[in-house]
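So the structure is just underneath, and the comments pick up after that.
The values are calculated or read from the model by the stated rules, or taken from the named source; none is laboratory data. Computed from a predicted structure; not experimentally measured. When we count neighbours, we look across all protein chains shown, and the Cβ atoms used for this are built from the backbone with ideal geometry, even at glycine.
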């Protein structure tokens, strides 16, 4: 997970991962079952180029490798979060492209990815300018008719996470925010049970992107 709405977002997330075990943060999952299920909806094959935005220490990359996906990029603002994944994967980390970057400032290669996956980054973008840049990055980086999977806090989800404000979205609200270049294909409300015993309401949305 990463964030761009704090004064020093990189420092914030590096501090989180330096002071908390990976399996103690609120967004921890033992398996990324919902993300994998939505990935399967896209119908892409194992050679598809997938970017996990804000992937950090997420287990999603493990599940991708386990299921035979071969072209994986994990981007996060926190180098410490990525290091946690690299250490967990050991030699398998060499099969993944790791990118330390702020997604609202990153320069990604044009039309390079088949799938854009984001679990719990977009809802931290409280600035309209940051959201606009994020969307422009999708349009720039995805191949034409690429696939976009975004999971945000639902309209009845938390107002804050990790001490930071969030923006909550319904599926229709997220569609409106992304704009006409995105077509909503499928969505589902998912309840995430945190390691601390709380429940967070997420909306998982799958879009097709009419990038040019």
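What tally of residues in segment 196-212 results from selecting those that are more than 22 Å from residue 44 (Cα to Cα), touching a strand residue (DSSP E or B) at 6+ places or on another chain (Cβ under 7 Å) and at pLDDT below 90?
Residues flagged as more than 22 Å from residue 44 (Cα to Cα), touching a strand residue (DSSP E or B) at 6+ places or on another chain (Cβ under 7 Å) and at pLDDT below 90 within segment 196-212 amount to 2.
Filter segment 67-79 for residues that are over 12 Å from the mean Cα position of the chain (by Cα) and outside any helix (DSSP H, G or I); which is modelled with the lowest pLDDT?
Of everything passing the filter in segment 67-79, 78 is modelled with the lowest pLDDT.
Go through segment 96-108 and give me each residue that's over 14 Å from residue 52 (Cα atoms) and touching a helix residue (DSSP H, G or I) at 6+ places or on another chain (Cβ under 7 Å).
Matches in segment 96-108: 104 only.
Checking residue 129 against (1) modelled with pLDDT under 95; (2) out of contact with any helix residue (DSSP H, G or I) (no Cβ under 9 Å at 6 or more places or on another chain): exactly one of these is not met. Which one?
All conditions are met except number (1).
Of everything in segment 196-212, what is outside any strand (DSSP E or B) and buried (at least 16 other Cβ atoms within 10 Å of the Cβ)? Give them in sequence order.
Within segment 196-212, just 211 meets the criteria.
A quick yes/no check of all residues on (1) touching a strand residue (DSSP E or B) at 6+ places or on another chain (Cβ under 6 Å); (2) assigned to a loop (DSSP other than H, G, I, E, B); (3) under 30 Å from residue 163 (Cβ atoms); (4) at pLDDT below 95:
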| site | (1), (2), (3), (4) |
| --- | --- |
| 10 | no, no, yes, yes |
| 18 | no, no, yes, yes |
| 30 | no, yes, yes, yes |
| 57 | no, yes, yes, yes |
| 65 | no, no, no, no |
| 81 | no, no, yes, yes |
| 89 | no, no, yes, no |
| 93 | no, no, yes, no |
| 110 | no, yes, no, no |
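Specify the residue that is modelled with the lowest pLDDT; the eligible residues are those in segment 153-195 that are in a loop (DSSP other than H, G, I, E, B), more than 25 Å from residue 8 (Cβ to Cβ) and out of contact with any strand residue (DSSP E or B) (no Cβ under 7 Å at 6 or more places or on another chain).
The selected residue is 195.
For segment 112-133, give me each residue that is in contact (Cβ under 8 Å) with a residue 60 or more places away in the chain, under 13 Å from the mean Cα position of the chain (by Cα) and not in a strand (DSSP E or B).
Within segment 112-133, 120, 121, 124, 125 meet the criteria.
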